[in-house]
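First up is the structure itself, then whatever we jot down about it.
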Amino acid sequence: MVLATLLVLQVLLADRERLAADAAWRPLIGGLCGVLGCSMPAWREPQALTMINRDVRPLPQVPGVLLAKATFRNDARWAQPWPVLLLTLKDADGRSLGARALLPADYLDAAASADIAPGQTAEITVRVREPSASVVAFAFDFH
């Protein structure tokens, strides 16, 4: 019985990365790692990030520069690393004129925690260069 239990624990620990990515297994793996002192990979669920508000406007005092603002919330059950935000600027026909991947270092201050907590809301503001005067639409995507 003891050997069987040890074998099950070993299999769970060896496969903890895959199991920790499953919401059903994560609490068990978290408890197991808490007792045994192992590490568990960060929870990543970009589809659980909800965009609450977003806006991109020209900066009147700085020609060719846009001010992008977004407010989003982590609706996942666990904390997860801050996302990479992909801002895509488009023309009236929906064609992409330019895109910029906003890394957490681009929109967070140095004092921010490594993860966005469950239910936490974040507001970001960044300046981006306007790729063309025909930018009329934009999209934010979480990665």
Query - Criterion: assigned by TED's automatic domain parsing to the domain that holds D115, more than 30 Å from S132 (Cα to Cα), of a type in the set (K, R) and modelled with pLDDT under 95 - qualifying residue of R16, R77 - result: R77
Report summary line: Going through (1) over 26 Å from S113 (Cβ atoms); (2) out of contact with any Lys or Arg (no Cβ under 9 Å at 6 or more places or on another chain); (3) modelled with pLDDT of 80 or more one by one, L59 fails only at (2)
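Within the group A101, A110, A79, which residue is surrounded by 13 or more Cβ atoms within 10 Å (Cβ to Cβ) and of a type in the set (G, A, S)? Steps first, answer last, please.
Numbers: A101 fails: surrounded by 13 or more Cβ atoms within 10 Å (Cβ to Cβ); A110 fails: surrounded by 13 or more Cβ atoms within 10 Å (Cβ to Cβ).
Criteria check complete, one pass: A79.
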Report task. Please go through the stretch 87-134 and pick out each residue that is within 20 Å of G64 (Cα to Cα), modelled with pLDDT under 90 and of a type in the set (A, V, I, L, M). Result -> A133
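Looking at the stretch 46-62, is at least one residue assigned to a helix (DSSP H, G or I), of a type in the set (G, A, S) and exposed (fewer than 11 other Cβ atoms within 10 Å of the Cβ)?
Our first condition is that a residue be assigned to a helix (DSSP H, G or I); within the stretch 46-62, this holds for 46-48.
If we keep only those that are of a type in the set (G, A, S) too, we end up with 48.
Add one more test, that the residue is exposed (fewer than 11 other Cβ atoms within 10 Å of the Cβ), and what stays is none.
No, the stretch 46-62 contains no residue that is assigned to a helix (DSSP H, G or I), of a type in the set (G, A, S) and exposed (fewer than 11 other Cβ atoms within 10 Å of the Cβ).
Restricting to the stretch 79-104, name every residue that is over 18 Å from V126 (Cβ atoms), touching a Lys or Arg at 6+ places or on another chain (Cβ under 9 Å) and either of a type in the set (A, V, I, L, M) or free of Cβ contacts under 8 Å to residues at least 12 places away in the same chain (or both). Steps first, answer last, please.
Initially, the stretch 79-104 is screened for residues over 18 Å from V126 (Cβ atoms), giving 79-81, 91-96.
Now drop any that are not touching a Lys or Arg at 6+ places or on another chain (Cβ under 9 Å), which leaves 80-81, 96.
Of everything in the stretch 79-104, just one residue is over 18 Å from V126 (Cβ atoms), touching a Lys or Arg at 6+ places or on another chain (Cβ under 9 Å) and either of a type in the set (A, V, I, L, M) or free of Cβ contacts under 8 Å to residues at least 12 places away in the same chain (or both), namely S96.
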Query raised in the report: Is there a residue being among the basic types (K, R), touching a Pro at 6+ places or on another chain (Cβ under 8 Å), exposed (fewer than 15 other Cβ atoms within 10 Å of the Cβ) and at pLDDT 70 or above anywhere in the stretch 37-45?
Result: yes
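Conditions tested, residue by residue: (1) within 13 Å of the chain's Cα centre (by Cα); (2) at negative phi; (3) part of a strand (DSSP E or B).
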| residue | (1), (2), (3) |
| --- | --- |
| A42 | yes, yes, no |
| L67 | no, yes, yes |
| F72 | yes, yes, yes |
| W78 | yes, yes, no |
| P83 | yes, yes, no |
| A112 | no, yes, no |
| T125 | no, yes, yes |
| V128 | no, yes, yes |
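The values are calculated or read from the model by the stated rules, or taken from the named source; none is laboratory data. Here the structure is a predicted model, which is why all the values come from computation and not from measurement. Note that we place each Cβ from the backbone using ideal geometry, even for glycine, and neighbour counts take in every protein chain shown.
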